[in-house]
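First the structure, in the form of structure tokens, and then the observations on it.
The values are calculated or read from the model by the stated rules, or taken from the named source; none is laboratory data. This is a predicted model, so every value here is computed, not measured. So basically every Cβ, Gly included, is an ideal-geometry build from the backbone, and we count neighbours across all protein chains shown. For accessibility, only protein heavy atoms count, side chains too; no ligands or nucleic acids. Shrake-Rupley method; radii C 1.70, N 1.55, O 1.52, S 1.80 Å.
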Amino acid sequence: MRTQIAAANWKMNLTLQEGEALLKGILSKIQEPKTHQRVVFAVPAPYLQAAANMIKGKKNIHISAQNIYNKKSGAYTGEISVDMLRSINIDYTIIGHSERREYFNESNTFLAEKINIALANDICPIFCCGEPLSVREANKQDAFVAKQLEESLFHLSADALKKVVIAYEPIWAIGTGKTATSRQAQEIQQYLRSLIAKKYDAKIADEISILYGGSVKAANAKELFSQPDIDGGLVGGASLVEDEFVSIISALK
Ligand code: PGA
């Protein structure tokens, strides 16, 4: 079975003390994820090391950055490099979240550079794609997400692409309480997989984990994750609530 992932995205929330209490609470309530499952916590950068220490020795549980820079090192005040992450044993990062694209003007080609540097340094990128409401209303979402994949991922070799996790996150569903229906999410995620099959081959398309994100919560996780092309979720708001995220983890296939 494809790897199934429950990924928490804390965004710019929680103090260190609140984050530690939340992580500790969740860890105390979950079993070791099965071999085909991963639980990932994308925590704010100042807490990466503390969070990494808390999961030390635990299998199939990872701490993730929320962003990286596209350069190895240098005069880039405030940015975070892959080497910094590696030095504290962080092996995941979100790349291209819609909030980065919107508020920090991150383009598809800039994100391609981040994907390259992450993969070259053995950091697993969770690459976000997804359309805004105006595009969905015009029924042009397929072409929109196809372009995102084309410009940020499809320069990769098949071996490199296999290491990427994709998260489909329609912008109109993020933090709005408005979830895509499981049918809408399944349809577009199947389409994303078909694009990969066309560009690469069916085997690779079948191996890649594609998460859904956008108002995933305990009440809808099971239904969403039961879809054949949805391999778990990238979860914002509900990942800040202990019991919500515990039950989202338990909804993984
Ligand atoms: P949400 O956020 O679950 O609060 O909608 C998801 C995300 O932005 O990754």
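Of note:
- In segment 199-210, the residues that are at pLDDT 95 or above reach residues that are assigned to a helix (DSSP H, G or I) and of a type in the set (Val, Ile, Thr) with C-beta atoms within less than 8 angstrom, at least six apart or across chains, in these pairs: ILE204/ILE196; ALA205/ILE196; ILE208/ILE196.
- Check on SER182, surrounded by fewer than 21 Cβ atoms within 10 Å (Cβ to Cβ), at pLDDT below 95 and either within 22 Å of ILE123 (Cβ to Cβ) or touching an Asp or Glu at 6+ places or on another chain (Cβ under 9 Å) (or both): yes
- Any hit, segment 196-216, residues being open to solvent by 60 Å² or more (accessible area, probe 1.4 Å), in contact with a helix residue (DSSP H, G or I) (Cβ under 8 Å, 6 or more places away or on another chain) and within 15 Å of the ligand (Cβ to nearest atom): no
- Taking segment 1-106 as the region of interest, the helices (runs of 4 or more DSSP H) fully inside it that hold 1 or more residues being among the basic types (Lys, Arg) and either within 16 Å of the ligand (Cβ to nearest atom) or touching a residue at least 12 places away in the same chain (Cβ under 8 Å) (or both) are 16-29, 82-87, 98-103.
- Taking (1) within 14 Å of the ligand (Cβ to nearest atom); (2) open to solvent by less than 20 Å² (accessible area, probe 1.4 Å); (3) more than 26 Å from GLN37 (Cα to Cα) in turn, GLN148 satisfies each apart from (1).
So that you can scan it fast, the table gives a plain yes or no per residue for (1) farther than 22 Å from ASN60 by Cβ; (2) β-branched (Val, Ile, Thr):
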{"residue": "SER87", "(1), (2)": "yes, no"}
{"residue": "ILE90", "(1), (2)": "no, yes"}
{"residue": "CYS124", "(1), (2)": "no, no"}
{"residue": "CYS129", "(1), (2)": "yes, no"}
{"residue": "PRO132", "(1), (2)": "yes, no"}
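- Segment 203-221 - residue that is in a loop (DSSP other than H, G, I, E, B) and farther than 15 Å from ILE126 by Cα and, of those, farthest from the chain's Cα centre (by Cα): LYS217
- Filtered by the rule that a residue be more than 12 Å from ALA185 (Cα to Cα), within 15 Å of the ligand (Cβ to nearest atom) and assigned to a helix (DSSP H, G or I), segment 222-245 gives GLY237, ALA238, SER239, LEU240, GLU244, PHE245.
- Answer residue from segment 166-188, given it is more than 21 Å from ALA218 (Cβ to Cβ) and in a helix (DSSP H, G or I) and is farthest from the ligand (Cβ to nearest atom) among those: GLU187
- Pairing residues of segment 115-143 that are at positive phi with residues that are of a type in the set (A, V, I, L, M, F, W, C) and open to solvent by 30 Å² or more (accessible area, probe 1.4 Å), at Cβ distances under 6 Å and at least 6 apart in sequence or on separate chains, gives GLY130/ILE171.
- Looking only at residues in segment 117-145 that are outside any helix (DSSP H, G or I) and among the polar types (S, T, N, Q), the one that is least open to solvent (accessible area, probe 1.4 Å) is ASN121.
Conditions (1) open to solvent by 40 Å² or more (accessible area, probe 1.4 Å); (2) at pLDDT 95 or above; (3) closer than 26 Å to ALA251 by Cα, marked per residue:
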{"site": "GLU18", "(1), (2), (3)": "yes, yes, yes"}
{"site": "ARG38", "(1), (2), (3)": "yes, yes, yes"}
{"site": "ALA45", "(1), (2), (3)": "yes, yes, no"}
{"site": "ALA65", "(1), (2), (3)": "no, yes, yes"}
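- Verdict on LYS163 being open to solvent by 70 Å² or more (accessible area, probe 1.4 Å), under 19 Å from ASP229 (Cα atoms), more than 16 Å from the ligand (Cβ to nearest atom) and in a helix (DSSP H, G or I): no
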